[in-house]
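Student: After the structure tokens below, expect a handful of questions from me.
What follows is calculated from the coordinates using simple rules that are stated; it is not laboratory data. None of these values were measured; they are calculated from a predicted model. Neighbour counts are summed over all protein chains in view; Cβ atoms, including those assigned to glycine, are modelled from backbone coordinates with ideal geometry.
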Amino acid sequence: MSKIKSIYDKLKPELKDHLKSSARDYDSAKRLKYVLMSKIIWQELTVSELSDLITYTNLSSYKMSPYDFMYGENLIDRS
């Protein structure tokens, strides 16, 4: 039986690396990491948590599509 993957588990590797790096420097990034580990469905994220994810992974929100915001389209692996 396979383990259910959290949002953190599904994050693209480069985003996960940025978040790990930020978590070493910022307590709020560390909290976000644990929040992502506790949720399995993208839609469970709050606007504030998504904003923090954008901040701590060095994403540019103006380059993101509506699908990225709503479904994590280019942020998480679907496999």
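Student: How many angstrom lie between the C-alpha centres of the stretch 18-35 and the stretch 57-75?
Tutor: Rounded to whole Å, the Cα centres lie 19 Å apart.
Student: Taking the stretch 1-78, which trypsin sites (Lys or Arg not before Pro) meet the DSSP loop condition and have no more than 13 other C-beta atoms within 10 Å? Numbers along the way, then the final one.
Tutor: Values: sites: Lys3, Lys5, Lys10, Lys16, Lys20, Arg24, Lys30, Arg31, Lys33, Lys39, Lys63, Arg78; in loops: Lys3, Lys5, Lys39, Arg78.
The qualifying sites are Lys3, Lys5, Arg78.
Student: In whole percent, what relative contact order does the chain give with Cα contacts below 8 Å and a gap of six or more residues? Working shown, then result.
Tutor: Details: 68 pairs, mean separation 30.9, N = 79.
Reported as a whole number, the value is 39 percent.
Student: Okay, next question. Please give, to one decimal in nm, the separation of the simple spin-label points placed at Ser38 and Asp9, each 7 Å out from Cα toward the Cβ.
Tutor: 1.8
Student: Is the shape of the stretch 26-79 rounded, prolate or oblate, going by the alpha carbon gyration tensor and its root eigenvalues a ≥ b ≥ c, with a/c under 1.5 for rounded and a/b larger than b/c for prolate? If you can, show how the numbers build up before the last one.
Tutor: Numbers: a/c = 1.81, a/b = 1.21, b/c = 1.50.
Oblate is the answer for the stretch 26-79, as a/c is 1.5 or above yet b/c matches or exceeds a/b.
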